[in-house]
1. Within the set of other residues whose C-beta is less than 13 Å from the C-beta of residue 78, count the net charge using Lys and Arg as +1 and Asp and Glu as -1.
2. Quick one: if you stick a label point 7 Å off each Cα along the C-beta vector at residue 58 and residue 40, how many nm between them?
3. Once the other residues with Cβ under 13 Å from the Cβ of residue 118 are scored (Lys, Arg +1; Asp, Glu -1), what is the net sum?
4. Taking the Cβ of residue 41 as the center, what net charge do the other residues with Cβ under 10 Å away carry, scoring Lys and Arg +1 and Asp and Glu -1?
Amino acid sequence: MKNLVLISLFLLISSIIFSCKKSSEKPAAVSIVGNWNLVSDFSVLSSAPGDTTKYFGVSSDFFNFEVNDVFTVKEGTYVSNTDSYKLGSAAALSITWNPPGCVTCTPNNSQYQLNYSITTLMVNKLVLKLVSSGPLIDLGYETEIITLSR
């Protein structure tokens with residue numbers, strides 16, 4: 001009986017030691033690079049209190065961030081393949097583009113930079129929030145939140 005208790009205790013201690021071994025593998029870094037499906041694009045206009053718009057993405061809508069800082073987007077009828085992006089420090093993202101629905105709001109339909117904060121970045125979810133400066137703010141947008149998924 002005493003041997004059975006000793007063997008059980010040895011097995012218990014062995015299993016604890018081997019199960020607590022640290023893994024040398026590091027989890028893969030999460031990146032915005034790749035194709036994302038548009039879930040929604042929510043905007044609040046400060047020029048008209050209570051005026052909000054929420055566009056729900058359809059299966060053909062996407063945001064694609066390529067390795068070489070090229071950014072392509074299809075949102076509703078808006079399609080672009082010449083835009084660019086730049087990741088900054090502290091979850092900052094700058095996108096140079098013409099926002100959907102605002103193609104004529106810049107001189108000669110030229111592209112311009114919008115600054116977003118990455119509020120959520122997971123393997124299958126990316127949420128961008130417009131930073132309170134830039135062309136959309138000047139046009140009366142209080143905020144814009146873009147939700148993407150893979």
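Computed from the coordinates by the stated procedures, all read-outs in this text should not be read as laboratory data. If you're wondering where the values come from, they're calculated on a predicted model, not measured in any experiment. We place every Cβ from the backbone using ideal geometry, glycine too, and count neighbours over all the protein chains shown.
1. Working: positive: 74; negative: 41, 61, 75, 83.
The answer is -3.
2. Once both label points are built, they end up 1.9 nm from each other.
3. Values: positive: 86, 125, 129; negative: none.
Taking every other residue near residue 118 into account, the sum is +3.
4. Working: positive: 54; negative: 61, 75, 144.
Net of charged neighbours comes to -2.
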